[in-house]
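First up is the structure itself, then whatever we jot down about it.
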Amino acid sequence: MSSTTEYLSLLHRPRRLRRTPSLRSLVRETQLTVNDLIYPVFVMEGENQQEEIPSMPGIYRYTLDLLLKEIADAANLGIKAIALFPLIATDKKDNAGTESYNPDGLVQRTIKAIKQEIPEVIVITDVALDPFSSYGHDGIVKDGEILNDETVEVLVKQAVSQAEAGADMVAPSDMMDGRIGAIRQGLDAAGYFDVGILAYSAKYASAYYGPFRDALESAPQFGDKQTYQMNPANSREAIKEVALDIAEGADIVMVKPALAYLDIICRIKEYTNLPVAAYNVSGEYAMVKAAAQKGWIDEKKVILETLTSMKRAGADLILTYFAKQVALMLQ
Ligand code: PBG
């Protein structure tokens, strides 16, 4: 050191705690672990087929036989839970989503098979009509509007039939009013007291769902979802939705999407003692993959930084298409 240096007289030098990797890990505040990850998966009819989703490189729709292998693979990496989404044939779709509660439907058969083959994996099922709706909406359509209470009746049937098939937790993603309470009552009346509800409480009308709708061929046939999903400009309204879902019996509340809504995750975490989930959605996945394929970002570092930021914001659980990749990186 040059003798001419005039040393600052600083009581605090934050860099002291960043000097070495050991020091940095000693004072690390947030830890991403495989225990926090939920892996969303897509199932389709047929045998021995897998189709890559063009806007989601590395993510496939699987027929049930191959999906079981994919889930076993994920479980071997330490992933404890999956969220299941079906691709439904067009001729099975109708306005009221009746296929959604067919006891022999694709979702129901898939749940049974997973619980039989890999019972330790937690199966979380999506409750909403869009994959089953001829209009691609989350509810029943009448004169261009989405009916609330009529839809909730179908959602209850859907949730009960998923519980009957063996789902550990149902996840209503539809944003109809009053559905959490109705589903809780429906499950209890059918004796499924132990089936939990992971509520998509603060679900925004987001452009980040585009690739997911490609995967399920479930894009709305008219209009958009702004009469039921939330306005991205609002945050107090997220608290209102969360408060209602908790009062109605939600076990876990969720914010969706995640990355553009870290402030919402943070507010909800402060508001409730329930576990808070965040959904790192398809568009967030697609952006990282696209930039990485162009060589514009360091994919692995960006993934870890992004998911860590969600935990730092307050997410206890993260639904992410990166689940397997992250589990590998964390090993
Ligand atoms: C449907 C549903 C959507 C997603 C999960 N459940 C799409 C939508 O609301 O249009 C999106 C997930 C993603 O983008 O990864 N109820």
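Is region 251-268 home to any residue that is more than 30 Å from ALA165 (Cβ to Cβ), of a type outside the set (Gly, Ala, Ser), touching a Lys or Arg at 6+ places or on another chain (Cβ under 7 Å) and at pLDDT 95 or above?
Residues of region 251-268 that are more than 30 Å from ALA165 (Cβ to Cβ), as a first pass: 259-268.
Now narrow it down to the ones that are of a type outside the set (Gly, Ala, Ser): 259, 261-268.
With the extra rule that they be touching a Lys or Arg at 6+ places or on another chain (Cβ under 7 Å), the set shrinks to none.
Within region 251-268, not a single residue is more than 30 Å from ALA165 (Cβ to Cβ), of a type outside the set (Gly, Ala, Ser), touching a Lys or Arg at 6+ places or on another chain (Cβ under 7 Å) and at pLDDT 95 or above.
Taken over region 11-68, the residue count meeting the criterion of being open to solvent by 40 Å² or more (accessible area, probe 1.4 Å), in a strand (DSSP E or B) and of a type in the set (S, T, N, Q) is 1.
Within the option set LEU129, LEU187, being of a type in the set (A, V, I, L, M) and within 16 Å of the ligand (Cβ to nearest atom) holds for one residue only, LEU129.
Filter region 289-326 down to residues that are touching a residue at least 40 places away in the same chain (Cβ under 8 Å) and β-branched (Val, Ile, Thr) and give me whichever is nearest to LEU32 (Cα to Cα). Restricting to residues being touching a residue at least 40 places away in the same chain (Cβ under 8 Å) and β-branched (Val, Ile, Thr), the top hit is THR308.
Residue pairs whose Cβ atoms lie under 9 Å apart, separated by 6 or more positions or on different chains, with the first residue in region 238-256 and under 21 Å from THR320 (Cα atoms) and the second part of a strand (DSSP E or B) and among the charged types (D, E, K, R), are MET254/LYS203; VAL255/LYS203; LYS256/LYS203. Which residues, taken from region 132-144, are more than 11 Å from the ligand (Cβ to nearest atom) and in a strand (DSSP E or B)? Selection gives ILE140, VAL141, LYS142.
The values are calculated or read from the model by the stated rules, or taken from the named source; none is laboratory data. The structure displayed is predicted, hence computed values, not measured ones. Counting neighbours? That spans all protein chains shown, and the Cβs are built from the backbone with ideal geometry, glycine included. The accessibility values were calculated without ligands, DNA or RNA, using every heavy atom of the protein model including side chains. Shrake-Rupley method; radii C 1.70, N 1.55, O 1.52, S 1.80 Å.
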